[in-house]
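Participant: Can you read through this structure? Questions will come right after.
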Amino acid sequence: MTALVRNDPTIVNVALGTRSYDIVIGRALLASLGARIAALRPGAKAVIVTDDNVARYHLEPAEAALRQAGVASSRIIVSPGEASKSYRVFEEVCEAVIASRVERGDLAIALGGGVIGDLTGFVAAVVRRGLDYVQVPTTLLADVDSSVGGKTAIDSAHGKNLIGAFHQPILVLADTALLDTLPEREFRAGYAELVKYGLLGDADFFAWLEKNWREVFAGGPAREHAIAESCRAKAAIVARDERETGERALLNLGHTFGHALEAACGFSDRLLHGEAIGAGMALAFEFSARRQGLLPMAEAQRAIRHLADVGLPTRLQDIPGPLPSVDQLMDLIAQDKKVKRGMLTFILVRGIGSAFIEAGVDAREVRVFLSEKLAER
Ligand SMILES: NC(=O)c1ccc[n+]([C@@H]2O[C@H](COP(=O)([O-])OP(=O)(O)OC[C@H]3O[C@@H](n4cnc5c(N)ncnc54)[C@H](O)[C@@H]3O)[C@@H](O)[C@H]2O)c1
Ligand SMILES: [Zn+2]
């Protein structure tokens, strides 16, 4: 009985009318990729976009799965890392997709983490005015966040993700076994986005993670459950607010502080995105408790303790190397966020599992808070 349940993939539907699609989650699902694509788009060809790291482990099995189902495919391999979300690589991939004689009705497959997903999704949004694409996430961050919801983008010299489109995939195939080759540090960074769903809207899920996070890291059914819960949470929010006119902004919990820290570290290996979000969520909880009086400090500390337990940075002193002054951090926050008459929009919390959007946060409060935090370093 348990064995049967374990082998059956979990399916989460993203309900967006004619643009609805399934997220299929389970262990060792990659072998079913071709059959699932052939069922969705009979006769379609596929072009796989991936990076060198992912290609080393997972490209051949993906190609074999397509071949078995009679899906013809070609491959485009780019360099790993954020630098591939550039105009130059975007152009190369567009040209390579066109050269592979992909027609409308054929599809692209993003086999990789968030970088590959964002890049491939944007290529698919524009080549021949729109190709279908499938997400095969290979990082935890991509499983629970970037592969779901249809935001695609590359980076501008003015900032990350500034050139992009909303373009939903037709399928997300989240094979949790692909994460077995992911470096632990990358897994932990992705965990920050996973626990975010508990912290922002689901206290029971957070309590479950407090008990079971070690099993999530180890793999097996707990990992699948955690990924499925996260996808359900994101799918529900995206279905209600696809274009982020309101509620979807809750997914930015921890991201105002987090983005400023990420930028302060030059978007380098010093601080991965998920690590910045770990620290950012810890700061958002403490700010909500201590400066806004929205929840008891003990409850904020419970959230922060869990982030620290899994090994994410939660204090500015956990970030290696120098950090800029409070003025520079405030400038980074102002660049990222609209400041209207000295007021910032922030995702604040009334407790674990109850985040809300607050458009009237006094920038002076944030500055005092950050000065204190910098002084603790
Ligand atoms: N579209 C969205 O809604 C959304 C949401 C969150 C983040 N993002 C974007 O996602 C990107 C970050 O994604 P990421 O953290 O997945 O980074 P990533 O794609 O750069 O992957 C991290 C590293 O892990 C390697 N890797 C990936 N899968 C592997 C595997 N299975 N085994 C071994 N190595 C593997 C990659 O080559 C890379 O070096 C950012 O560009 C961010 O802007 C987008
Ligand atoms: Zn994020």
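The values are calculated or read from the model by the stated rules, or taken from the named source; none is laboratory data. Please read these numbers as outputs of a predicted model, since none were measured by experiment. Here Cβ is always computed from backbone atoms with ideal geometry, including for glycine, and neighbour counts include all displayed protein chains.
Participant: Do any residues in segment 169-198 that are of a type in the set (Lys, Arg) have Cβ atoms under 6 Å from those of residues that are more than 11 Å from ligand 1 (Cβ to nearest atom) and in a loop (DSSP other than H, G, I, E, B), where the two are at least six apart or on different chains, and which pairs are they?
Facilitator: Partner pairs satisfying both residue conditions: Arg188/Gly311; Lys196/Leu253.
Participant: In segment 60-93, which residues are hydroxyl-bearing (Ser, Thr, Tyr), surrounded by 15 or more Cβ atoms within 10 Å (Cβ to Cβ) and either assigned to a helix (DSSP H, G or I) or under 22 Å from the mean Cα position of the chain (by Cα) (or both)? Walk me through it before giving the result.
Facilitator: Going through segment 60-93, the residues hydroxyl-bearing (Ser, Thr, Tyr) turn out to be 73-74, 79, 84, 86-87.
Next, from what is left, pick out any that are surrounded by 15 or more Cβ atoms within 10 Å (Cβ to Cβ): 73-74, 84, 86.
Result: Ser84, Ser86.
Participant: Quick check, is Thr139 closer than 24 Å to Gly198 by Cα and either within 8 Å of ligand 1 (Cβ to nearest atom) or in contact with a Cys (Cβ under 9 Å, 6 or more places away or on another chain) (or both)? So that I can check it myself, show each step before the final result.
Facilitator: Numbers: closer than 24 Å to Gly198 by Cα: yes; either within 8 Å of ligand 1 (Cβ to nearest atom) or in contact with a Cys (Cβ under 9 Å, 6 or more places away or on another chain) (or both): yes.
Judged against the criteria, Thr139 is a match.
Participant: Scan (1) away from ligand 2 (no atom under 16 Å from the Cβ); (2) not in a helix (DSSP H, G or I) for the single condition Lys160 breaks and write down its number.
Facilitator: For Lys160, the failing item is (1).
Participant: Would you check if Lys211 is within 9 Å of ligand 1 (Cβ to nearest atom), of a type outside the set (S, T, N, Q) and surrounded by fewer than 22 Cβ atoms within 10 Å (Cβ to Cβ)?
Facilitator: On the way: within 9 Å of ligand 1 (Cβ to nearest atom): no; of a type outside the set (S, T, N, Q): yes; surrounded by fewer than 22 Cβ atoms within 10 Å (Cβ to Cβ): yes.
It is false that Lys211 is within 9 Å of ligand 1 (Cβ to nearest atom), of a type outside the set (S, T, N, Q) and surrounded by fewer than 22 Cβ atoms within 10 Å (Cβ to Cβ).
Table: residues versus (1) at negative phi; (2) in contact with a Leu (Cβ under 8 Å, 6 or more places away or on another chain); (3) buried (at least 18 other Cβ atoms within 10 Å of the Cβ).
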| site | (1), (2), (3) |
| --- | --- |
| Glu244 | no, no, no |
| Ala260 | yes, yes, yes |
| Cys265 | yes, yes, yes |
| Ile277 | yes, no, yes |
| Arg302 | yes, no, no |
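Participant: I'd like to verify a number: residues in segment 163-196 that are more than 15 Å from ligand 2 (Cβ to nearest atom), of a type in the set (Asp, Glu) and outside any strand (DSSP E or B), how many?
Facilitator: Residues that pass the stated criteria total 2.
Participant: For the subset of segment 149-174 comprising residues that are touching a strand residue (DSSP E or B) at 6+ places or on another chain (Cβ under 6 Å) and farther than 16 Å from Ala108 by Cβ, which member is surrounded by the most Cβ atoms within 10 Å (Cβ to Cβ)? Can you show your working first?
Facilitator: In the first step, residues of segment 149-174 are kept if they are touching a strand residue (DSSP E or B) at 6+ places or on another chain (Cβ under 6 Å); the result is 150, 152-154, 156, 161-165, 167, 169-174.
Pick out the ones that are also farther than 16 Å from Ala108 by Cβ and you get 156, 161-163, 174.
Values: Ser156: 14, Asn161: 14, Leu162: 11, Ile163: 15, Ala174: 29.
Filtering first and then ranking leaves Ala174.
Participant: Name the helices (runs of 4 or more DSSP H) wholly inside segment 205-309 in which the number of residues that are of a type in the set (D, E, K, R) and within 14 Å of ligand 2 (Cβ to nearest atom) is 2 or more. Quick ask: steps written out before the conclusion?
Facilitator: Values: elements: 221-240, 255-264, 273-286, 297-309.
Once the helices (runs of 4 or more DSSP H) in segment 205-309 are filtered for at least 2 residues that are of a type in the set (D, E, K, R) and within 14 Å of ligand 2 (Cβ to nearest atom), nothing remains.
Participant: Let me ask something additional. Taking Gln335 as the residue in question, decide whether it is surrounded by 15 or more Cβ atoms within 10 Å (Cβ to Cβ), of a type in the set (S, T, N, Q) and touching a residue at least 60 places away in the same chain (Cβ under 8 Å). First the steps, then the outcome.
Facilitator: On the way: surrounded by 15 or more Cβ atoms within 10 Å (Cβ to Cβ): no; of a type in the set (S, T, N, Q): yes; touching a residue at least 60 places away in the same chain (Cβ under 8 Å): yes.
Answer is no for this residue.
Participant: Can you name the residue in segment 244-281 that is within 13 Å of ligand 1 (Cβ to nearest atom) and more than 16 Å from the chain's Cα centre (by Cα) and is also farthest from Gly190 (Cα to Cα) among such residues?
Facilitator: Ala263
Participant: Looking at Gly293, Gly219, which is the one that is over 24 Å from Gln335 (Cβ atoms) and modelled with pLDDT under 95? Before you say what the answer is, go through the steps one by one.
Facilitator: Working: Gly293 fails: modelled with pLDDT under 95.
Gly219 is the lone residue from the list that is over 24 Å from Gln335 (Cβ atoms) and modelled with pLDDT under 95.
Participant: Look through segment 310-339, keep the residues that are assigned to a loop (DSSP other than H, G, I, E, B) and of a type in the set (D, E, K, R), and return whichever of them is nearest to Glu372 (Cα to Cα).
Facilitator: Here is the first cut: in segment 310-339, the ones assigned to a loop (DSSP other than H, G, I, E, B) are 310-315, 319-325, 337-338.
Checking which are of a type in the set (D, E, K, R) leaves us with 315, 337-338.
On the way: Arg315: 11, Lys337: 21, Lys338: 24 Å.
Among those that are assigned to a loop (DSSP other than H, G, I, E, B) and of a type in the set (D, E, K, R), it is Arg315.
Participant: Another question about this same structure. Among the residues that make up segment 146-155, is at least one of them part of a helix (DSSP H, G or I), more than 15 Å from the chain's Cα centre (by Cα) and polar (S, T, N, Q)? Before you say what the answer is, go through the steps one by one.
Facilitator: Taking segment 146-155 as the starting set, the residues that turn out to be part of a helix (DSSP H, G or I) are 146.
Next, from what is left, pick out any that are more than 15 Å from the chain's Cα centre (by Cα): none.
No, there is no match, as no residue in segment 146-155 is part of a helix (DSSP H, G or I), more than 15 Å from the chain's Cα centre (by Cα) and polar (S, T, N, Q).
Participant: While we're on this one: Considering every residue within segment 160-171, establish whether at least one is over 18 Å from Phe267 (Cα atoms) and modelled with pLDDT under 95.
Facilitator: Going residue by residue through segment 160-171, those that are over 18 Å from Phe267 (Cα atoms) are 164-171.
Filter again for modelled with pLDDT under 95, leaving none.
Within segment 160-171, not a single residue is over 18 Å from Phe267 (Cα atoms) and modelled with pLDDT under 95.
Participant: Within segment 18-32, can one find any residue that is among the charged types (D, E, K, R), within 29 Å of Asp269 (Cα to Cα), surrounded by fewer than 18 Cβ atoms within 10 Å (Cβ to Cβ) and within 21 Å of the chain's Cα centre (by Cα)?
Facilitator: no
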